[in-house]
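Visitor: Quick one: this structure, given as C-alpha cells, is what I'll be asking you about.
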Amino acid sequence: MQNAEATTQNGTEQEATPRRRRISPVIIRAVNVTKEYRKGDVVTRALRGITCEVRRGEFISIMGPSGSGKTTLFNTIGALSTPTAGRVLIDEVDVAQLNNDELAYVRCKKIGYIFQSYNLVQAMTAQENVMTAMLFAGVIADEARKRSMRILDRVGLKERWFHLPKELSGGQQQRVAIARALANEPKILLCDELTANLDLHTGQEIINLLVELNKEQGVTVICSTHDYRMLDKSDRIFWIRDGLIEKVWERKDVKINLGTIGIPH
Amino acid sequence: MLDVREQARLPFRRMLDLCLDTISYRLFRSAVTVVIIVLAIAFLASIMVEGYLGRSVRDTVVGKTLRRTAYSRFMVRAGHVESIESLLASINALRPGTTDYDNYMAWAGVKTDAQAAAFLKRTRTAGRYLDFFEGLSVGRRALLVRGERDLAIFDWLTDARNRESFHEHLSKQRSLKLPGAPGEFDAFIADWPATRRQLEACRAGYQDTVHRIAALSGPGGVGAALAAAAAENRTEAFFAQVRAAGLRTDPKEIPDILAGIRYQREFNWAIEQLRKQPVRTTWNREWQERFSPTLALRAAADSPARVSWIAGALAKGDAADRARWEKEKARILARTPEGQTPKLPPEPKSWSEGFEAERFTRIAREYAAQAELLEAEQALLNRYGRTAGLSEKAVWLILVSFVVCVVGIANAMLMSVLERFKEIATMKCLGARNGTIGFLFITESTIMGIIGGVIGMVLGFLIVLGRMSWTYGGMLYERFPYESIWYTFLMCLACSLVLSGVAAIYPARVASRMAPMEAMRVD
Ligand SMILES: Nc1ncnc2c1ncn2[C@@H]1O[C@H](COP(=O)(O)OP(=O)(O)O)[C@@H](O)[C@H]1O
Ligand SMILES: [Mg+2]
C-alpha cells in the first residue's frame, strides 16, 4: 500500500516539476542489434544487425515473412530479452544496464504488450486480468478496480467484465488484452501479429481501436502484421527479411503506392 | 536522472487472492496435491495420536489393576520366596518411600540411607549388565560366556582366566559394546562376590519372614488365615502379627488386600461349582467346546442361559443320583430278609445345594471384567511399553512418508509451473518481479499444505479415535491426553507447512527464472 502511494506521488511530482532533461523525440532506439539462438552447435541468427529509431507517438507496422525475426525484434526492443550484440535504448535507457527489478519496472510502466495468443490468465475474469497488471504496478486494489472498469469501458467491454477468458470471443479477448496492456498507461504498445487470429471484421475493429488510442493518447504503437489494412494507418512500415530491415516506407510512399504495393517479392 | 526505478512489490493480500484464484481454477490438480499432504499428515497424526491415546489407556488400565496388584503382591511376599534373579529385578523396580522398599532393605540388612544407595547402585549396575547379556544371541552367549545364564554369568566371569577370554572375544565383536564407562565392568565384576552375598542375605531375610508368616498362619496358608481374621474382624491384629514377622504392609493397601481376599474366595467358590461332576461331564457335550473352568466362568458372564444351564445340570445330577439311590435302596430292601435291618447306602449329597445363580453370575461378570482388564493391560504394555515418545521404526516410516510427500508435491508443482509457462511469462511482462513469481508458487503450495494438513490431522485423529474407542470404549476418555493431542495438531500443522514450503522451493525457482520472452511464443 505504502509502495503504491509512493509510486503515484513520485509520478505526479515528476510531471509537475519543470523538466530539466531534454525529452528526446526518439522513444526506442536500436543500434546494430543482433540476436542469436544457440542450441548445441546450431546457431540461428534471428536478428543480424538491426538499427532503427521509433519516435514518440508514431504508429509503426513491421512486416515480413514468417520466420524473418519479427517476434525476436519485439522481444529485444520490448525488454523481454537481451540482444546478443548491439544496444537497445528505451526512453534513452540502455536495457542491458538494468537489473531484474528495474527491468520489471520498465515492462510494467513503459510498455504494454499485446500477444498473438492473447495470454490472458484463464483463472481470472476480464476485469481481474486488467486489474492484476495494475496491482503489479503497486496501485491499491480499490483504485485498480475502478480504473480497470474505466479501461474496459474504453475498449468496449464494460458489460462483460465478469466473464472468464474462455467465455469470450477472440476479438473480445484481444480487447481485454489491449485493456490490460493499457492498464499502467504505457508510452509504447507492442503488438505481435495483432489480427492474425481474428476474422476480417473483428480485425478491422481492433485496428481502429489502436489507431484511436494512438491519436487520442499519443501512445507509440508498434505492430507486426500481415494485414494490409494496417498499412495506410501506419506512419512508417519496416519490411524485415532474414533478420535485417530491408526497407522502410514512409506514410506518403505508401499512399502513393497503395494500389501497386504488394509483397515486393 | 533517467526515469527508471525498481518495481514495486505485490502486497501479500493480493498475492493470496491470486493464489486462491489459481487453486480454485485448477481444482483437480490442487486436490491431488492436497491429497498427498492429507495422506502424509494423516499418517503422522495417526501414529502420534495412537501413541498418546495408547499410553493414556495403558495408564488407565494399570491404575485399575493396581488395586488387584496390592493383593497379589501381599500374597507373594507373604507366601513365596523369589529366585535371586527375580529378587534383583524386584529390587531394581523399587521406589524409595514405599513399604515394599523398606521391606527389601530390611531383609538385606541395610540400615542407613548411604548403605541403601550403595546397595541399589550395585543392583542397578547388575541389572544393566544382565540386560546386556540377556540381549545377546545364543551363539554370541556361547562364544562370550560359554553359554552361562543369568547371574551365573557374573560368577563365571569372576574367574580371571574366564574374564580374559571374555574380553578377548568381545574385542573381536565390533558391533558389541559393553554399557557404561570403560573399566566399569571390571570394577563391577571385582565387586560381584560382595554384591551376590548381599543379594543372598536379602533373600535369606525374605525367606525367614515367609517361614515366620507360614508358622503363624497355620496349615491353610496366609490366605485362609487372613480370611478367617477378616471374618472375625481382627485384621488389624493379623497385619500387626505379619509385621512382627518381618513384612510391612502399607495401611492404604489393606482395604485392597481384603477386597482381593474376598474376591478370591468368591472366585474359588464359583470354580468349585464348575468342577462339580454333573457340570463337568455334560459341559463338553452341551457346548461342544473344551472349556477350562476359568474360561467357562468367563463364558457364563454374558449369558444367563449358560448359568441356568449350569443350575439345570446340577439339578439333573441330583435327580439322577437320587433315582439311582432309590433303585439301589429298593433292590436292597427287596433282598433283605424280613425282620433284618437293611444296610441302606447313604443318601447322596446334593450337587445343587449351595449353588446360587445370582451370586454365580455376579462373580462371573466380575471375573470376566478382571480378565479383560488384565489382558488389555498385557496387550497395552506389550504395545506401548513403559516409555513415552515415538519408536525408531515409526520415526523412520514418518520420514519416508515425508520424503514421498515432498517429492510428490514438488512434481505436481513443477508440472503446474511448466504448464503455465505462458501465464508466468505474461505476468513478468506485466511487471511481476522474479521474487513475486517465486513467492506466488511458495504461497500456493503452502495454502494447499495448510488445507491438506488440517484435513489430514483431523482425519488421522478421527480414524485412530474411532478405532481405539471401538476397542477400549470409555476407558479412552478417563485420562484423555488433551495437551498431547493439541501438541500433535500443532506438530501436524508445522509439518504440513514445512513440507509444502520445501516442496515448492525448486518449482518456485524454475518459475521465477522463466524468461518473459516465453510469453511471445505461439504454439
Ligand atoms: N527461442 C528460440 N530458439 C531458437 N530459435 C528461435 C527461437 N525463437 C525464434 N527462433 C528462430 O529465429 C528466427 C526468427 O523467428 P521469429 O522472430 O519468431 O520470426 P517471426 O516472428 O517473424 O515469424 C526463426 O528462424 C526462428 O526459428
Ligand atoms: Mg512471430
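The values are calculated or read from the model by the stated rules, or taken from the named source; none is laboratory data. Keep in mind it's a predicted model, so treat the numbers as computed, not measured. Please note: Cβ atoms are built from the backbone with ideal geometry, for glycine as well, and neighbour counts cover all protein chains shown. Calculation scope for accessible area: heavy atoms of the full protein, side chains included, ligands and nucleic acids excluded. Shrake-Rupley method; radii C 1.70, N 1.55, O 1.52, S 1.80 Å.
Visitor: Given N residues in the protein assembly as shown, what is Rg(Cα) / (2.2 N^0.38 Å)?
Guide: 1.70
Visitor: What accessible area per residue comes out for chain B, rounded to a whole number of Å², with a 1.4 Å probe?
Guide: With the other protein chains kept in place, chain B gives 53 Å² per residue.
Visitor: Here's another thing I want to ask about it. May I ask you to order B:149-158, B:181-190, B:420-429 by the average number of other C-beta atoms within 10 Å around their residues, highest value first?
Guide: By packing density, highest mean first, the sequence is B:420-429, B:149-158, B:181-190.
Visitor: Mind listing which trypsin sites (Lys or Arg not before Pro) in the range B:70-134 are in a DSSP loop and have 15 or fewer other Cβ atoms within 10 Å?
Guide: Passing sites in the range B:70-134 are B:Lys111.
Visitor: Net charge near A:Leu200: determine it from the other residues with C-beta under 13 Å of the C-beta of A:Leu200, scoring Lys and Arg +1 and Asp and Glu -1.
Guide: It works out to a net charge of -2.
Visitor: Quick one: work out the % antiparallel among DSSP beta bridges in the protein assembly as shown, nearest 5.
Guide: Of those bridges, close to 60 percent are antiparallel.
Visitor: With θ set to phi - 60° and the Karplus curve 6.51 cos²θ - 1.76 cosθ + 1.60, what are the ³J(HN,Hα) couplings of the range B:321-336 in order, to the nearest whole Hz, using x for Gly and Pro?
Guide: Working through the residues one at a time gives 4, 4, 4, 4, 5, 4, 4, 4, 4, 4, 4, 5, 4, 5, 7, 6 Hz.
Visitor: Additional query: Hey, what D do you get for the range A:4-252 in µm²/s if you plug the Kirkwood alpha-carbon radius into Stokes-Einstein at 4 °C and 1.567 mPa s?
Guide: 69 µm²/s
Visitor: So, one more: Pairs of Cα atoms under 8 Å, at least six residues apart: use those to get the relative contact order of chain B, whole percent.
Guide: Once normalised by length, the contact order is 30 percent.
Visitor: Counting partner chain Cβ atoms within 10 Å of every residue's Cβ in B:96-109, what's the average?
Guide: Mean shielding by partner chains, rounded to a whole number: 0.
Visitor: With unit charges on the beta carbons (Lys and Arg positive, Asp and Glu negative) and the dipole taken about the Cα centre of chain B, which residue among B:Pro304, B:Leu44, B:Thr443 sits farthest to the positive side?
Guide: Going by the Cα projections, it comes out as B:Pro304.
Visitor: Given Cβ point charges of +1 (Lys, Arg) and -1 (Asp, Glu) and nothing else, what value in debye, to the nearest 20, does the dipole of chain A about its Cα centre take?
Guide: Its charge dipole is roughly 440 debye.
Visitor: Here's a follow-up. Buried by at least 10 Å² relative to the chain on its own: which residues of the range B:477-523 qualify, computing accessible area with a 1.4 Å probe on protein heavy atoms?
Guide: Those are B:Pro516, B:Met517, B:Ala519, B:Met520, B:Val522, which lose 10 Å² or more relative to the chain on its own.
Visitor: Work out the mean other chain Cβ neighbour count within 10 Å for the residues of A:78-85 and drop it here as an integer.
Guide: Counting Cβ atoms of other protein chains within 10 Å of each residue's Cβ and averaging gives 3.
Visitor: Count neighbours as other Cβ atoms within 10 Å of each site's Cβ, and list the GluC sites (Glu not before Pro) in the range B:336-389 that are DSSP loop with at most 15 such neighbours.
Guide: B:Glu338, B:Glu353, B:Glu356
Visitor: Let me ask something else about it. Using label points projected 7 Å from each Cα along Cα→Cβ, tell me how many nm separate A:Gln204 and B:Tyr482, to one decimal.
Guide: Taking the two extended label points, one gets 7.7 nm.
Visitor: If you filter the range B:317-350 for trypsin sites (Lys or Arg not before Pro), then keep DSSP loop positions with at most 11 other Cβ within 10 Å, what is left?
Guide: Passing sites in the range B:317-350 are B:Lys343, B:Lys349.
Visitor: Given axes a ≥ b ≥ c from the Cα gyration tensor, I'd like to know whether the range B:157-304 is rounded (a/c under 1.5), prolate (a/b larger than b/c) or oblate.
Guide: Oblate, because a/c is 1.5 or more while a/b does not exceed b/c.
Visitor: Count the DSSP beta bridges whose two residues both fall in the range A:4-252, then state the antiparallel fraction as a percent rounded to the nearest 5.
Guide: 60 percent
Visitor: Which of A:Lys110/B:Lys428; A:Lys109/A:Lys166; B:Lys316/B:Lys349; A:Lys187/A:Lys215; A:Lys109/A:Lys187; B:Lys64/B:Lys252 have a Cα-Cα distance over 20 Å?
Guide: From A:Lys110/B:Lys428; A:Lys109/A:Lys166; B:Lys316/B:Lys349; A:Lys187/A:Lys215; A:Lys109/A:Lys187; B:Lys64/B:Lys252, over 20 Å: A:Lys109/A:Lys166.
Visitor: Turning to a different aspect of this structure: Just to confirm, what accessible area per residue do you get for chain A at 1.4 Å probe, in whole Å²?
Guide: 46 Å²
Visitor: Another one. For the range A:177-188, take each phi angle, set θ = phi - 60°, evaluate the Karplus expression 6.51 cos²θ - 1.76 cosθ + 1.60, and give the result in whole Hz per residue in order, putting x for glycine and proline.
Guide: These are the phi-based 3J(HN,Hα) values: 4, 5, 4, 5, 5, 7, 3, 9, 6, x, 8, 10 Hz.
Visitor: Going by amide H atoms built from the backbone, whose H comes under 5 Å of the H on A:Cys223, apart from near neighbours?
Guide: Amide H to amide H, under 5 Å and 5 or more residues apart or across chains, A:Cys223 pairs with A:Ile60, A:Ser61, A:Ile62, A:Cys191.
Visitor: Can you give the average number of partner chain beta-carbon atoms within 10 Å of each beta-carbon in peptide A:138-144, as a whole number?
Guide: Partner Cβ neighbours, averaged per residue: 2.
Visitor: Also, quick follow-up: If exposed means no more than 11 neighbouring beta carbons inside 10 Å and the site is in a DSSP loop, what's the longest run of chain A without any exposed trypsin sites (Lys or Arg not before Pro)?
Guide: With a cap of 11 other Cβ atoms within 10 Å, the longest stretch comes to A:23-265.
Visitor: Can you give the convex hull volume of the alpha carbon atoms of the range B:268-384 per residue, in Å³?
Guide: Enclosed volume per residue, from the Cα hull, is 113 Å³.
Visitor: Would you tell me the accessible area of B:Tyr25, worked out with a 1.4 angstrom probe on the heavy atoms of the protein chains, in Å² to the nearest 10?
Guide: 80 Å²
Visitor: Just to confirm my numbers, what's the Cα centroid distance between the range A:20-50 and the range B:309-381 in Å?
Guide: Each part's Cα centre sits 113 Å from the other's.
Visitor: How big is the B/A interface in buried accessible area, both sides summed, 1.4 Å probe, to the nearest 100 Å²?
Guide: In total, this chain pair buries about 3800 Å².
Visitor: Ok, one more. Got a number for carbon plus sulfur as a percent of the protein assembly as shown's accessible area, 1.4 Å probe?
Guide: 55 percent
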